[in-house]
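Taking it in order: structure first as structure tokens, then the write-up.
The values are calculated or read from the model by the stated rules, or taken from the named source; none is laboratory data. Computed from a predicted model, the values in this text were never measured in an experiment. Here the Cβ is made from the backbone with ideal geometry for all residues, glycine too, and neighbour counts use every protein chain on show.
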Amino acid sequence: MIAPTTTPLHTLRRCKAFASAAKRMHSSCVQILPEVAEALRGGRPVVALESTIVAHGMPYPQNLELAKDVSGILRSKGVIPATIAVKNGMFKAGLHSDELEDLAKAGEEGRAIKCSTRDLPLVASNYYHQIHRTKMMESSVIDVSGETIWGATTVAATMRLAHAAGIVTFVTGGTGGVHRGGELSLDISTDLIELSRTPVIVVSAGVKSILDIKRTLEVLETFGVPTAAWKSEDFPAFFSPLSGVKAPATFNDAMDVACAWAAGRDLGMSNGMLVAVPNYDPAGSNVEAAIQEAMKEASSAGIEGRDVTPFILRTVAEKTGGDSLRSNISLVKKNAMVGAEIATAISRVSS
Ligand code: PSU
Ligand code: MN
């Protein structure tokens, strides 16, 4: 069990370092939607959402429907949603509804590039070129004609941009981790590195069992990332609430999370935090069974390396007849409800 839920609020309010860090408007390189900026200025709760899940994580139109439903869930709890993405090289926190719709179509139309941390400067370079060219020409017109190209941000890249915008809480589906065989291939998601150095709370359903969950938790420990399951002792495995691996800690409510966060800030820790929410959707257990079967089939068919994940995902989708998509949608909504509570608790302890 982690932070005491009994910590008096007035103690936290006196933590000046925490309050000012949370309120600081970090950098102007991210274009923040006015309603998001206003909420941040007023110290009201905001939740960041990632764009890889929209562009590449599920098909159109289910992706758009889910993005709208998640925003609706957050708003019904008094929380402002801010989808993070890169539009024609411009970093964005918060999208207009027509932009969200275009992003949702962009994946299947080949107009979205999966962006992790290393990709952010690369996709932004063209936009920066234009800014400098415009400055030299003393003009105020930036040419963004042509079709819109989106940088769809992974958990790692979303954390970076959310932090730059001054957002603390971020809701997603699943995070990346150590791939099976990662001890040799070194295929370890940048999500874990970013959790070690960027102060954002990531609310997810854990990591998929196609990854090496035990080693993922080892790496998070090595990097000093506070990691806890939400109201559970087991670390969740995305489609299943149980991975068979014990979670390092348990959060029993949103104030647990906010108090642990406040304590880390007071110590000057600059890392993020991972809150893993178990997915109890009944469809999920079918998917988990199909994943285990598909992994056995992959190994007996001699499928290796980069071919493994696409093979498994394809086989799982065939085997479950849509259950994997349904379960994915249901777990993101559950995460949004938990994330709304956390963002609200964070705004309370920051004021
Ligand atoms: N896991 C999922 N669904 C996803 C992802 C991970 O269950 O959509 C996406 C997230 O955007 C995550 C990224 O940040 O994949 C990790 O990719 P990589 O392993 O290449 O870092
Ligand atoms: Mn990778």
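Data for the structure
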{"item": "Test for LEU184: is it within 16 Å of ligand 2 (Cβ to nearest atom) and more than 15 Å from the chain's Cα centre (by Cα)", "result": "yes"}
{"item": "Qualifying residue in the stretch 190-210 (condition: assigned to a helix (DSSP H, G or I) and in contact with an Asp or Glu (Cβ under 7 Å, 6 or more places away or on another chain))", "result": "no"}
{"item": "Any strands (runs of 3 or more DSSP E) falling wholly within the stretch 59-153 and containing at least 3 residues that are under 23 Å from VAL338 (Cβ atoms)", "result": "80-87"}
{"item": "Residue within the stretch 63-79 that is at pLDDT 95 or above and closer than 18 Å to ALA164 by Cβ present", "result": "no"}
{"item": "Residue count, the stretch 159-183 (criterion: surrounded by fewer than 24 Cβ atoms within 10 Å (Cβ to Cβ), touching a Lys or Arg at 6+ places or on another chain (Cβ under 7 Å) and modelled with pLDDT of 95 or more)", "result": "1"}
{"item": "Every residue from the stretch 335-349 that is among the aliphatic types (A, V, I, L, M), closer than 19 Å to GLY42 by Cβ and out of contact with any Leu (no Cβ under 7 Å at 6 or more places or on another chain)", "result": "ILE342, ALA343, ALA345, ILE346"}
{"item": "Matching option when the condition is free of Cβ contacts under 8 Å to residues at least 40 places away in the same chain and surrounded by fewer than 22 Cβ atoms within 10 Å (Cβ to Cβ), among LEU211, LEU186, LEU192", "result": "LEU186"}
{"item": "Count of residues meeting criterion [within 18 Å of the chain's Cα centre (by Cα) and not in a loop (DSSP other than H, G, I, E, B)] in the stretch 37-48", "result": "3"}
{"item": "One residue from LEU161, LEU211, LEU195 being of a type in the set (A, V, I, L, M), away from ligand 2 (no atom under 16 Å from the Cβ) and closer than 30 Å to LEU100 by Cβ", "result": "LEU161"}
{"item": "Residues satisfying the stated conditions in the stretch 52-78, i.e. away from ligand 1 (no atom under 16 Å from the Cβ) and in contact with a Lys or Arg (Cβ under 8 Å, 6 or more places away or on another chain)", "result": "ASP69, ILE73, GLY78"}
{"item": "Residue check, GLU50 out of contact with any strand residue (DSSP E or B) (no Cβ under 8 Å at 6 or more places or on another chain) and either closer than 25 Å to ARG160 by Cβ or more than 16 Å from ligand 2 (Cβ to nearest atom) (or both)", "result": "no"}
{"item": "Within the stretch 303-333, tally of residues that are of a type in the set (A, V, I, L, M, F, W, C) and either over 22 Å from the mean Cα position of the chain (by Cα) or not in a helix (DSSP H, G or I) (or both)", "result": "6"}
{"item": "Subset of the stretch 231-243 [under 23 Å from THR190 (Cα atoms) and either out of contact with any Ser or Thr (no Cβ under 6 Å at 6 or more places or on another chain) or free of Cβ contacts under 8 Å to residues at least 40 places away in the same chain (or both)]", "result": "PRO236, PHE238, SER243"}
{"item": "Selection from the stretch 18-36 of residues that are over 20 Å from the mean Cα position of the chain (by Cα) and either crowded, with 16+ Cβ neighbours inside 10 Å or at pLDDT 95 or above (or both)", "result": "PHE18, ALA19, ALA21, PRO34, GLU35"}
{"item": "Among residues of the stretch 248-288, those that are under 19 Å from the mean Cα position of the chain (by Cα) and in a loop (DSSP other than H, G, I, E, B), counted", "result": "6"}
{"item": "Qualifying residue in the stretch 119-142 (condition: out of contact with any Leu (no Cβ under 6 Å at 6 or more places or on another chain), of a type in the set (Lys, Arg) and within 16 Å of ligand 2 (Cβ to nearest atom))", "result": "no"}
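Yes or no, residue by residue, for (1) in contact with a Pro (Cβ under 9 Å, 6 or more places away or on another chain); (2) at negative phi; (3) away from ligand 1 (no atom under 16 Å from the Cβ):
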position: ASP187; (1), (2), (3): no, yes, no
position: VAL207; (1), (2), (3): yes, yes, no
position: LEU211; (1), (2), (3): no, yes, no
position: LEU217; (1), (2), (3): yes, yes, no
position: LEU220; (1), (2), (3): yes, yes, no
position: PHE251; (1), (2), (3): no, yes, yes
